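The values are calculated or read from the model by the stated rules, or taken from the named source; none is laboratory data. Treat the numbers as computed from the prediction; the structure is a model and nothing was measured. Cβ placement follows ideal geometry from the backbone for every residue including glycine, while neighbour counts extend to all protein chains displayed. Only protein heavy atoms, including side chains, enter the accessible area calculation; ligands, DNA and RNA are left aside. Shrake-Rupley method; radii C 1.70, N 1.55, O 1.52, S 1.80 Å.
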Amino acid sequence: MSRIGRLPIDVPAGATITLEDNNQVIVKGPKGTLTKTFDNAMTISIEGNQVSVTRPNDLKRNRSLHGLTRTLIANMLTGVTTGYTKELEINGVGYRAQKQGNKLILSLGYSHPVEMEDPEGIKTTVEGNKIVVAGISKEDVGQFAAEIRFKRPPEPYKGKGIKYVDEVIRRKEGKTGKK
């Protein structure tokens, strides 16, 4: 039995979860609403304030989906109650970020500023050299943070670029003179 999949999910206060046909799960909370359709092989049941996921048999595909389905539902519940954030840090001389409405404008050493529009459900804020990406969907927050980082990934010699706050950049030694 899956160690993660067999655990019941507690529905936090303020959140409601409903199960539609075709295994469509709708989670509503104080921060918003998330909807996701899961594989029909998984059986999702709601009893009181607990959600449980069971699988029909031990085929490899069903074992894989069991823990995944449970984790995705738990992430949806966390998202609508507390939300998710990712912090990015800009390092480099002349590298900066600023907000104009719902546009994030990045100066990253290119000949032009890089403009990124906030996707629906995602909010970015700039605090000095930090960019905070926040939203209710863990997947969307992580994807948009990765897209921002991709505009100028950190380089290993001086560490210039955009990196996650908790990311460690492996540094390389520069060139040495003739011997």
Pairs where the first residue, in region 51-75, is within 14 Å of ARG3 (Cα to Cα) and the second is of a type outside the set (S, T, N, Q) and in a strand (DSSP E or B), C-beta under 7 Å, 6+ apart
VAL53/ILE44; HIS66/VAL53; THR69/VAL53; ARG70/ILE9; ARG70/VAL53
Selection count where residues are β-branched (Val, Ile, Thr) and within 14 Å of ARG149 (Cα to Cα), scope region 98-123
2
Strands (runs of 3 or more DSSP E) (entirely within region 1-68) containing at least 1 residues that are hydroxyl-bearing (Ser, Thr, Tyr) and either open to solvent by less than 80 Å² (accessible area, probe 1.4 Å) or more than 21 Å from THR82 (Cα to Cα) (or both)
16-20, 32-37, 43-47, 50-54
Between a residue in region 120-133 that is under 23 Å from THR33 (Cβ atoms) and any residue that is open to solvent by 40 Å² or more (accessible area, probe 1.4 Å) and hydroxyl-bearing (Ser, Thr, Tyr), which pairs come within a Cβ distance under 8 Å, given they are 6 or more apart or on different chains?
VAL132/THR85; VAL132/THR125; VAL133/THR85
May I ask you to list the residues in region 70-96 that are open to solvent by 20 Å² or more (accessible area, probe 1.4 Å), of a type outside the set (Ser, Thr, Tyr) and under 30 Å from HIS112 (Cα atoms)?
LYS86, GLU87, GLU89, ASN91, GLY92, VAL93, GLY94, ARG96
Region 48-65: number of residues that are under 20 Å from THR16 (Cα atoms) and modelled with pLDDT of 90 or more
5
